[in-house]
Amino acid sequence: MQALFQHPPSPLQAFHHPILEARNLTCFIKRDDLLQLESQPGDQAFCGNKWRKLKYNLAAARAEGYTSLLTFGGAFSNHIAATASAGRLFGFNTIGIIRGEKVLPLNPTLDFATSCGMKLHFWSREAYRRKDDPFILAQLQEQFPQAYILPEGGTNTLALRGCAELAEEILAQEQVDYLCLSCGTGGTLAGVIQGLAGRAFALGFSALKGDFHKAEVQQLLDSKNRDNWAIATDYHFGGYAKTPPELLDFLVEMKKYDLLLEPIYTGKMMWGVLDKAKQGYFPAGSRICVVHTGGMQGW
């Protein structure tokens, strides 16, 4: 467990692209996808923002005497894969409540989760929508008394604490004006905003269709008034997990810059960053940090 708290910072790498250079912008990629346990190199599930979000939750589960981790997610959830991997690494049994019917053969994400020892329970979409109901959670706690229950996506107060450290780590490596990252549940962005404490601007890129993220992030911030953040909602490419050909072509193009991305979160974000730069969103001379949060396990 100490390895979670005593590790070198993930690398911060310079990124050069004609669009950025034409606008006189300096860009760095925070390679949090490379944040891994030394004993488990190459683990693409328990890394990045999943490491940050689970870190203090794992410590709390151990301190409170829980022997299992129970959480929720869709069939391709990075959080499900990360929780399964963390359970294997730190000696917790793991239980995954999966949205939708069981489909065989299992997809690579769920197959990986079961290979880590996770027990899967498939809930209908109607039942899954009630997963946050206090009555349902109480039933689960009664059914699995030794389980530490994590919300979908892993976002809670302890997760924000871990993500705040990401912002602090970046600013210790380089002084930047903007910190850009992808948004799923909004937990990583909320934690980063807390960690920045007004020292830079946080720009989130929503991977989901709709403008609900701002209210969710504001709620996570305990309604504290902060004006150093925004969420771009125009880069979802049709909605969550939608991957049109132009996005996939963009991922191939990014490989020419030694940058491997996935199409659900980080690919959409990087497209958005370059498009924002092209539009003149970032003032000339700005220093930008783009966070690679991981999520490569399914690709």
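A few comments on the model shown:
- Selection from P245, M270, L220, by position along the positive dipole direction of the stretch 198-299 (Cβ): L220
- Extension gain for L260-K278 works out to 4.3 nm (0.36 nm per residue, less the C-alpha to C-alpha distance).
- Inter-label distance for H121 and Q6, nm, one decimal - labels placed 7 Å from Cα along Cα-to-Cβ: 3.8
- Charge dipole (the chain, unit charges on Cβ, about Cα centre) - positive-most of A190, P145, A284: P145
- Under a 5 Å amide H cut-off, with hydrogens placed 1.01 Å from N, M118 pairs with nothing among residues at least 5 apart or on other chains.
- Residues L171, L220 ordered from highest to lowest accessible area at a 1.4 Å probe: L220, L171.
- Reducing the stretch 142-194 and the stretch 223-290 to their Cα centroids gives an inter-centroid distance of 19 Å.
- Mean Cβ neighbour count within 10 Å, used as a protection proxy, ranking 149-155, 88-94, 130-136 highest first: 149-155, 88-94, 130-136
- For the chain, built as a Gaussian network whose Cα springs stay under 10 Å, the top-fluctuating residue of I95, I19, I29: I19
- Rounded accessible area per residue of the chain, 1.4 Å, Å²: 45
- Rounded to the nearest 20 debye, dipole of the stretch 103-213 from Cβ charges on Lys, Arg, Asp, Glu: 340
- Virtual spin-label span in nm between T67 and F135, 7 Å along Cα→Cβ: 3.1
- Comparing F72, P105, W51 along the charge dipole axis of the stretch 45-118, the residue lying farthest to the positive side is W51, per the Cβ-charge model.
- Legend: residues Y148, Y265, Y257, sorted from most to least accessible area (1.4 Å probe; ligands, DNA and RNA excluded), read Y257, Y265, Y148.
- Estimated dipole of the stretch 193-268 in Debye, rounded to 20 [Cβ of Lys and Arg +1, of Asp and Glu -1, Cα centre]: 180
- Partner lysines for K255 [C-alpha distance under 26 Å; skip if fewer than 8 residues away on the same chain]: K30, K50, K242, K268, K276, K278
- Note on E253 and N24: with the Förster distance fixed at 30 Å, the Cβ-Cβ geometry gives a FRET efficiency of about 0.85.
- Lys, Arg +1 and Asp, Glu -1 on Cβ, resulting dipole of the chain about Cα centre, debye, nearest 20: 200
- Taking every DSSP helix (H) stretch of at least 4 residues in the chain, weighting each as -39,500 (n - 2.57) and dividing the sum by the residue count yields a mean residue ellipticity at 222 nm of -11500 deg cm²/dmol.
- For the stretch 14-86, carbon and sulfur atoms together expose 49% of the accessible surface, with a 1.4 angstrom probe and every protein chain in place.
The values are calculated or read from the model by the stated rules, or taken from the named source; none is laboratory data. All values derive from a computational prediction rather than experimental measurement. Glycine also receives a Cβ, built like all others from the backbone with ideal geometry; neighbour counts cover every protein chain displayed. The accessibility values were calculated without ligands, DNA or RNA, using every heavy atom of the protein model including side chains. Shrake-Rupley method; radii C 1.70, N 1.55, O 1.52, S 1.80 Å.
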